[in-house]
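The values are calculated or read from the model by the stated rules, or taken from the named source; none is laboratory data. This is a predicted model, so every value here is computed, not measured. Virtual Cβ from ideal backbone geometry, glycine too; neighbours counted across all protein chains shown. These accessible areas exclude ligands, DNA and RNA; they are computed on the full protein's heavy atoms, side chains included. Shrake-Rupley method; radii C 1.70, N 1.55, O 1.52, S 1.80 Å.
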Amino acid sequence: MPRPVRRRRFVALALATTIALGLLSRRFPLPGVLAEHAGDALWTVAAFWLGALAVPAASGGRLAAAAWLLSAAVEASQLLDWPWLRSVRGTAVGALLLGHGAKAADLVAYAAGAVLACAVDATFRRAVARRPAATDRLRAS
């Protein structure tokens, strides 16, 4: 049975929601360990949705793996101390996209975000697959 279709409209909405939640997590930090890692996990979720926009037919597992690898690469780039990279990170957008200070714990947060995105994606794709198509609804009436 073919995989249910991933709808770009839903993916774009999911990306916008993820970005909003990520920004809100910085403005209004969650309690405890979530305060430190929610933004990292949401960064990977956003990367997942960006991948889904680019390649809507990709499997959730491949998108999750690609999102985690991208997140890990950005984390590794935080070990670099090049002047131009430091100046990019000195901007608000650069800091949000590239972060500061590599930490191994962030890799776990990225993995959690990848799993979360994959689960949300699979849940919504299954729901779409169970819904009768518009042509089926017209025939039934």
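When you scan region 1-18, how many residues do you find that are touching a helix residue (DSSP H, G or I) at 6+ places or on another chain (Cβ under 6 Å) and open to solvent by 70 Å² or more (accessible area, probe 1.4 Å)?
Summing the residues that are touching a helix residue (DSSP H, G or I) at 6+ places or on another chain (Cβ under 6 Å) and open to solvent by 70 Å² or more (accessible area, probe 1.4 Å) in region 1-18 gives 0.
Tally time: how many residues in region 1-52 are at pLDDT 90 or above and farther than 27 Å from H100 by Cβ?
Qualifying residue count for the region: 7.
Out of region 23-37, which residues are in a helix (DSSP H, G or I) and either open to solvent by 20 Å² or more (accessible area, probe 1.4 Å) or among the acidic types (D, E) (or both)?
Matches in region 23-37: L23, L24, R26, R27, V33, L34, A35, E36, H37.
Somewhere in region 33-52, is a residue touching a Pro at 6+ places or on another chain (Cβ under 7 Å), among the aliphatic types (A, V, I, L, M) and more than 24 Å from F10 (Cβ to Cβ)?
yes
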